[in-house]
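Input: a single structure, listed below in structure tokens.
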Amino acid sequence: MATGAAVLLLLLLLPPLPALPPHAAGCPPACRCYSATVECGALRLRVVPPGIPPGTQTLFLQDNSIARLEPGTLAPLAALRHLYLHNNSLRALESGAFRAQPRLLELALTGNRLRGLRGGAFVGLAQLRVLYLAGNQLTQLLDFTFLHLPRLQELHLQENSIELLEDQALAGLSSLALLDLSKNQLGTISREALQPLASLQVLRLTENPWRCDCALHWLGAWIKDGGQRLLSSRDKKITCAEPPRLALQSLLEVSGSSLICIPPSVHVEPLELTANLGEDLRVACQASGYPQPQVTWRKVPQPRDGRPLAQTQLESGTPGLGGYAAPDTGSGMLFLTNITLAHAGKYECEAANAGGAARVPFRLLVNASGQQPPPAPPASTARPAGRAPRHEVGSMAFRALGLATQTAIAAAIALLALTALLLVAMICRRRRRRKKARTPLGEGTLFVNDYSDGPCTFAQLEELRDERGNEMFVIDRSKPLFTEGPAEAPATRGLTEGLPPELRLPPRVAYEIHC
């Protein structure tokens, strides 16, 4: 009995044994669970494992291969405070993915493959304080992306590929104290984008290819006036990448007069064209300016027209009828497929940059007759355009003929014109010969006077010229070298016997030339 009492007393004095691992408390396989914390990192998981205790406050799921958060996966974890999903393969966040985590304070999504953020991705996270989105593949932040995060204090967006930050992308972040946008592809940022950040204390904008033009003038002035308190000495090195004349210069060292923009100009050709029902159509809108303008197409609404609106798309396929379509930098292509009567009407191409905006109207007419136009040349994907009226099938108008027929007609016309020119040349040449044959003896000979001092030398003949530079000489008609013309050769006589007297060549007479 004494021995039993001693053993019992010893058991009572010993500290309680630690809880049995994981599985005794309902922990997922291969995970570690302790003190409201579940660790499932680096387990090659493809989905969030089932069986996580509902009272879990900290969940580690980093360094796995989770590609998607299935709807309802996190629904039982209403008590979650810290969620670490960094270094996974998430490509998108479904709208309302964290709706069941109203107490979540920290969310780590660093090092995933997120390319975009939907507007409702963070619905329900009213208590979130820190959001890590660094090291993803984000290219743009659209308006109201973070609208449902009123208490967010830190937003880490560094090491993405963000090129566009819309003016209202950060709307609702009135409590934000730290914003890290370094190591992205930002070329510009607007004053309106930072206006909602009333509590901002740290701003990081370094290592972006900043385009130092008139749109960035405000940033340099703002930093010099008071914004520098938000930037550390390293963060103040905002370096220009464009234009080339300002490359590698600090924005703070560039004068305001050097930050210029060139307003856009727009060109659409043609301004009006006619298409048949069922055709596909592409119309290019060329824009130039600095910075490179954003080009958008829209169909001008016609309230009095009761016809249904047709689907209008850019070449990228983004719907855009009744409002501006998705912007395209440089050259916007209006792409219409399966044209109907609803496509007819007035369109407008707009190009806009920080220097201003320019618009060009375009009108589309739809041929409702059902007749098909001549086939377009294979080299062009777009239908030939112009203001000339269309021709019905079977018309004898030149434009209605086939390409081979048009070429043959043009060649025949050119050949006829060449033949006519040759005939005219031959007629003119024959007339000149006849005039020369009818010229009387002595016509065209210039006689200065008839006196003679003796035979002239060649040197003297060169010196005797009239005012126009023609040679002048004197013929002593009283001293012919032979008084009678030499007898004609038999061959020559045979040729001239049948000619009338006025066409026969005169006998040759030689005179001695005197000066």
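Restricting attention to region 231-265, which residues are in contact with an Asp or Glu (Cβ under 8 Å, 6 or more places away or on another chain) and open to solvent by less than 20 Å² (accessible area, probe 1.4 Å)?
To start, the set of residues in region 231-265 that are in contact with an Asp or Glu (Cβ under 8 Å, 6 or more places away or on another chain) comprises 242-243, 259-261.
Pro243, Leu259, listed by residue number.
Condition test on Leu197, is it modelled with pLDDT of 90 or more and outside any loop (DSSP other than H, G, I, E, B)?
Working: modelled with pLDDT of 90 or more: yes; outside any loop (DSSP other than H, G, I, E, B): no.
No.
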**Q.** Cβ-Cβ under 7 Å pairs, at least 6 apart or on other chains, region 186-197 side without any contact (Cβ under 8 Å) to a residue 60 or more places away in the chain and farther than 13 Å from Ala171 by Cα, far side open to solvent by less than 20 Å² (accessible area, probe 1.4 Å) and in a loop (DSSP other than H, G, I, E, B)
**A.** Leu186/Ile162; Leu186/Asn208
Q: Search region 269-295 for residues being surrounded by fewer than 20 Cβ atoms within 10 Å (Cβ to Cβ) and touching a Pro at 6+ places or on another chain (Cβ under 8 Å), and hand back the single one that is nearest to Gly187 (Cα to Cα).
A: Tyr290
Q: Looking only at region 109-129, decide whether some residue is open to solvent by 10 Å² or more (accessible area, probe 1.4 Å) and not in a loop (DSSP other than H, G, I, E, B).
A: no
**Q.** region 42-72 - residue that is over 22 Å from Arg103 (Cα atoms) and not charged (D, E, K, R) and, of those, nearest to the chain's Cα centre (by Cα)
**A.** Ala67
(Q) Looking only at residues that are among the hydrophobic types (A, V, I, L, M, F, W, C), in a loop (DSSP other than H, G, I, E, B) and open to solvent by 30 Å² or more (accessible area, probe 1.4 Å) in region 20-55, which one is modelled with the lowest pLDDT? (A) Leu20
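Within region 353-369, which residues are farther than 20 Å from Ala215 by Cα and among the small types (Gly, Ala, Ser)? Full working, then the answer.
At the first step, the residues of region 353-369 found to be farther than 20 Å from Ala215 by Cα are 359-369.
Once the filter is applied, which keeps residues that are farther than 20 Å from Ala215 by Cα and among the small types (Gly, Ala, Ser), region 353-369 yields Ala368, Ser369.
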Q: Identify the residue in region 177-230 that is open to solvent by 30 Å² or more (accessible area, probe 1.4 Å) and of a type in the set (Ser, Thr, Tyr) and, among all such residues, is nearest to the chain's Cα centre (by Cα).
A: Thr188
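The values are calculated or read from the model by the stated rules, or taken from the named source; none is laboratory data. This is a predicted model, so every value here is computed, not measured. A quick note on method: Cβ atoms are made from the backbone with ideal geometry, for glycine too, and the neighbour counts reach across all protein chains shown. Ligands, DNA and RNA are stripped out before the accessible areas are found, and what is left, the full protein with its side chains, is counted by its heavy atoms. Shrake-Rupley method; radii C 1.70, N 1.55, O 1.52, S 1.80 Å.
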